[in-house]
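Below is one structure, written out as structure tokens; comments come after it.
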Amino acid sequence: MPDKDCEKIIDLATEKNGADTTAQAHARTCPKCAATLALLALLKTSGSPTTDLKPSAAFLSRVESGLAISASEAATAGALKAKILAAVIGVALTATVAWTIVSHAKKSDTHNTATPATQGEMRANPADANSESTTNSGIKPGENAGTFPQLQFPAPTDEIK
Amino acid sequence: MTNNYENLDSNELIELAKKGQKQAFAMLVKRHYGTVMYYLMGFGVKKSDAEDITQEAFINAFRKIDQFKTSGSFVGWLLRIARNQHIDKLRKERKFDTTGNELDLLNLPDDRTPELQVISDAAVDDLYSGLKPQEKVLLDLRVFQQMSFAEIAEALGSSEGNARLVFHRLIVKLRGKFRS
């Protein structure tokens, strides 16, 4: 197996699933790869090279107090968010109710003004239509007389003169 | 305080931390402190400054823990927060390089702080002694956190090919030590 394939073994061995059976079979015949797999096994048992730096007690207490502050800030922010949300819902509800009331009021106003107009519509009265008599027209003599033109006939005495 | 949490794995601790359990998060702090510290020291940050940035990074991580998805790598996420924290600090000090060049893991200077050199020299027989901070972080991310090279590259601000190459060279170096 060429060097390039030995590099693949390193990749495979450090993947989550580890070296597969092909890689392990190759490692049995390749001293380089066998050493690599043994080295990786040793590294895993001896722990990460970064664990030699440990946090001091002072560092941990500073971080823990920082975490406490950020937790209380988060709680305050959460409470504020809840209050804002409640206020927004309240305003929205009030606005909806107000809008409903106003629109209903408008509708009823329109209905009230529309009713007299329909009632006052002129309808043809068949009885009046068939009647030739002006006396049945509903206009009584002397009523609104000034508004109607009146025919002036010569009096019979005028011819005699 | 955190004794009850020692046997829990990282995902269980994260879930508890999401429910607001500070002790569970403190356990995560203990587990990943070294990785974050070495990561920052790998950029040439002094230990005292690295500790301040690490502290802020952990507190920020706790604040944002709800945003973390357990399908991803917690350490990778943590390192991104630490990196942003570091960049913010540099910006404040007007030291941030805005060229946006990717980190070349191959040509990292051995800029170990005196404190770190003491730590390394104290464990001469150890396999890990003499490793640069970024190499330690790389080894931790790949072997112990089992992150993909793409995730490692993203966390370290490098390219995937660069991360893979450095890791292979590191394994060859360690193998040489191991054989001897």
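The values are calculated or read from the model by the stated rules, or taken from the named source; none is laboratory data. Only a predicted model underlies this, so the values are computations on that prediction, with no experimental measurement involved. Cβ atoms come from the backbone with ideal geometry, glycine included; neighbour counts cover every protein chain shown. The protein model used for the area step is the full one, side chains on, heavy atoms only, and it has no ligands, DNA or RNA in it. Shrake-Rupley method; radii C 1.70, N 1.55, O 1.52, S 1.80 Å.
Below are the figures for this structure:
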quantity	calculated
³J(HN,Hα) computed for each position of the range A:39-49 - Karplus, 6.51 cos²θ - 1.76 cosθ + 1.60, integer Hz, glycine/proline x	4, 5, 5, 5, 4, 5, 7, 7, x, 5, x
The range A:1-101, Cα convex hull volume normalised per residue, Å³	202 Å³
Trypsin sites (Lys or Arg not before Pro) within the range A:1-80, DSSP loop, no more than 11 other Cβ atoms inside 10 Å	A:Lys16
Globularity index of the range B:124-180, i.e. its alpha-carbon radius of gyration over 2.2 N^0.38 Å	1.12
Those residues of the range A:7-40 for which accessible area with every protein chain present is at least 40 Å² below the isolated value (1.4 Å probe)	A:Ile10, A:Asp11, A:Thr14, A:Lys16, A:Lys32, A:Ala35, A:Leu39
Accessible-area composition of the range B:35-81, carbon plus sulfur, in percent [1.4 Å probe]	40 percent
Pairwise centroid distance, computed over Cα atoms, of the range B:139-180 with the range B:15-91, Å	21 Å
The range B:1-97 shape via C-alpha gyration tensor axes, a/c threshold 1.5	prolate
Accessible area buried at the A-B interface, both sides summed, 1.4 Å probe (Å², nearest 100)	3600 Å²
Extension gain, A:Leu85 back to A:Ala38 (0.36 nm per residue minus Cα-Cα distance, nm)	11.0 nm
Largest to smallest accessible area among B:His86, A:His111 [probe 1.4 Å]	A:His111, B:His86
Cβ-derived FRET efficiency at R0 51 Å, A:Asn112 paired with A:Ala68, nearest 0.05	0.15
Within the accessible area of the range B:130-180 (1.4 Å probe), percent carbon and sulfur	50 percent
For the range A:1-115, accessible area per residue (1.4 Å probe, heavy atoms of protein chains only), Å²	65 Å²
Minimum 40 Å² accessible area buried by the other protein chains, the range A:49-86 residues, probe 1.4 Å, relative to alone	A:Pro49, A:Thr50, A:Asp52, A:Leu53, A:Pro55, A:Phe59, A:Leu60, A:Arg62, A:Val63, A:Glu64, A:Leu67, A:Ser70
Of A:Lys83/B:Lys19; B:Lys47/B:Lys136; B:Lys18/B:Lys92; B:Lys64/B:Lys132; A:Lys44/B:Lys22; A:Lys8/B:Lys47, those spanning more than 26 Å from alpha-carbon to alpha-carbon	B:Lys18/B:Lys92; B:Lys64/B:Lys132; A:Lys44/B:Lys22; A:Lys8/B:Lys47
Interface residues in the range B:136-168 - accessible area drops by 50 Å² or more relative to the isolated chain, probe 1.4 Å	B:Arg142, B:Val143, B:Phe144, B:Gln146, B:His168
